[in-house]
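**Student:** Once you've had a glance at the structure underneath, I'll fire off some questions.
Read-outs throughout are calculated quantities, based only on the coordinates presented, and are distinct from any laboratory measurement. Please read these numbers as outputs of a predicted model, since none were measured by experiment. Cβ coordinates were reconstructed from backbone atoms using ideal geometry, including for glycine residues, and neighbour counts include every protein chain displayed.
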Amino acid sequence: MRLSVIIPVYNAGRYIGACLQSLYRQGLEEEDFEVIVVDDGSRDDSLIQVGRLSAFHSNIQIMTQKNQGVSAARNNGMKKAKGTYIYFMDADDYLMDATLGQLLAVAEAEQLEVVRGELVEVDQEGRFLRDSLRFEQRKAYARQLMNGFTFYENIFQGAFYCWLLLLKRDFLEQSLVVFNEQLAFLEDEDFITRLIVFARKAMYVPVVFYAYRQHSASAVATMNLKKLQDILLVLKSLKACAEQEKWEIHFRKKVRTEMSEVFYILLVCLISPAFYPDRKIFLEQLRALKIRPLVLTGNWKKRERLCLFNLGGKRAVRLLYFIRCMINKLLHSR
C-alpha cells in the first residue's frame, strides 16, 4: 500500500464530509491508500458522516477513543498504518484536487523520507482568503534534496504543520518519535522539531495542495491555561533540542529563533487582562527554564517586547501590562 492518511476527528460533523471526499479526487486508486479516521469521542454526527462515506469506500477504517486528544489520536492511527508513506490531515480542512498524488509520486521517485507541500488559507465556507499564498522565500529551495537540519532552517519559516508533510513510515518508526500526548497546542512544532533531525532525504515541492480553514476567533480569545502550560512544555522541548551539541549549529540557532516565536505567544497572553492574574505561576516556571536571552525576531513591536523581557523578566511583563492598560483606557475614553 502506497499511503496511509490519518485523520483525528472531534465534533467535525460540519466539515468531515468535504475533508474525506477531497481524498478521492487525488488521482489515486482506492487500493493504493487507506484512510484511518480516529474519532476522539465526538458528540455530534461526525461518526455518522464517516460511516455513510465508508459504505461507498472500502478503504476507510474507523477507530474510536475516549477524548484523549489529537496527539493520542495521531499516535493510535500510526500504530494501525500500513502504507509506505503516512499523511496526517485535520478533519475541518480539505485537499485541492489532484495534488496529493503529485507529492506522493515525487516522494516515491526520489525515495524521500520527508516531503513538504504548500497551503492556501480558506474561510469557513471554503472561499480563498486574499494574500494567503506566501512562499516566495521557500521557492529558492524547491525540489532540492536536503538533510533535516537544512530543511528545518530554510523551509518551515514558522509554519509547523504536520499536515503539510508526507512522511515515510519506516523513517518514522526508526526515529522512535511520536506526538507528545500531553500537548493539545503546538504539538506539531514539537513533533516536527524532534523528528526532522533524523531526516537525510527531505524535499520541498511547491505544490499548493492543502486548504487550511481559518476560524474567526482571535488567538488570545481561544487561549486557556492548558494551552499556556503546553507552551511551557514546548519551550522546554525546543530548549533541549537547541542545546544538543551533536546537532548542526545553524539548526540549533534556528530552534532558538523558534523559541522566541513560541515564547511571544505566551508573553502576549500574560499581558492580557484574562491571564495577567496567573502570570506569577508561569513566570516562575519560565525562570526555572532559563530561556533568556531570547533571540530578537519579527517586527519592531515583537522585537521591542522580547528585548524588554530579556532585560527585565517579570518586571517587563508588569510594564507591558501597564502600557497596554493605559492604551486601552485612552482608546475607550475617545
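**Student:** What is the set of long-range amide H partners of Y85 at a cut-off below 5 Å, with H atoms built 1.01 Å from backbone N?
**Tutor:** Excluding prolines and chain starts, which carry no amide H, the hits are L3, S4, R169.
**Student:** Pop a pseudo-label 7 angstrom from the Cα along the beta-carbon direction at both F198 and D123 and give the gap in nm to one decimal.
**Tutor:** Roughly 4.3 nm, to one decimal.
**Student:** Nearest 10 degrees is fine. How inclined is helix 70-80 to the longest principal axis of the chain, computing both from alpha carbons?
**Tutor:** The two axes meet at around 30 degrees.
**Student:** What distance in nm separates the two pseudo spin-label positions at R303 and Q21, each 7 Å out from Cα along the beta-carbon direction?
**Tutor:** 4.8 nm
**Student:** Fully extended, how many nm does the chain gain between L176 and Q65 (0.36 nm per residue separation, minus their Cα-Cα distance)?
**Tutor:** 37.7 nm
**Student:** Then there is this: Extension gain K79-E108, at 0.36 nm per residue separation less the Cα-Cα distance, in nm?
**Tutor:** 8.3 nm
**Student:** Right, next: If amide H atoms are built 1.01 Å from N in the plane of the peptide, which residues on other chains or at least 5 residues away come under 5 Å of the amide H of V9?
**Tutor:** The answer is V38, D39, D40.
**Student:** Relative contact order of the range 225-333, please, whole-number percent, based on alpha carbon pairs below 8 angstrom and at least 6 residues apart.
**Tutor:** With pairs under 8 Å counted, the relative contact order is 25 percent.
**Student:** Starting from the range 149-226, pick out the trypsin sites (Lys or Arg not before Pro) whose DSSP state is loop and whose Cβ has at most 12 other Cβ atoms within 10 Å.
**Tutor:** Passing sites in the range 149-226 are R200.
**Student:** Out of all DSSP beta bridges with both ends in the chain, state the antiparallel percent to the nearest 5.
**Tutor:** Within the chain, antiparallel bridges account for around 30 percent of the total.
**Student:** Hey, how many Å between the Cα centroid of the range 84-135 and the Cα centroid of the range 8-79?
**Tutor:** One Cα centre to the other: 17 Å.
**Student:** Measure nothing fancy, just the Cα-based angle from helix 279-289's long axis to the longest principal axis of the chain, in degrees from 0 to 90, nearest 10.
**Tutor:** 80 degrees
**Student:** Still on this structure, I have one more. Give the label of the value calculated from the structure for mean projected area of the Cα convex hull in nm², choosing from (i) 18.1; (ii) 26.5; (iii) 64.5.
**Tutor:** Here the calculated entry is (i).
**Student:** Among 66-77, 309-320, 241-252, how do they line up by average Cβ neighbours within 10 Å per residue, starting with the highest?
**Tutor:** Packing proxy ranking, top to bottom: 66-77, 309-320, 241-252.
**Student:** Using packing as a proxy for protection, rank 277-287, 182-192, 119-129 so that the peptide with the highest average count of other Cβ atoms within 10 Å comes first.
**Tutor:** Those peptides, ordered most packed to least, come out 182-192, 277-287, 119-129.
**Student:** What whole-number distance in Å separates the alpha-carbon centres of the range 251-318 and the range 181-214?
**Tutor:** 24 Å
**Student:** Right, next: Give me the distance in nm between label points sitting 7 Å out from Cα along the Cα-to-Cβ direction at R315 and I281, one decimal.
**Tutor:** 2.7 nm
**Student:** Taking the 0 to 90 degree range and rounding to the nearest ten, how far is the long axis of helix 300-312 tilted relative to the main principal axis of the chain, both from C-alpha atoms?
**Tutor:** 60 degrees
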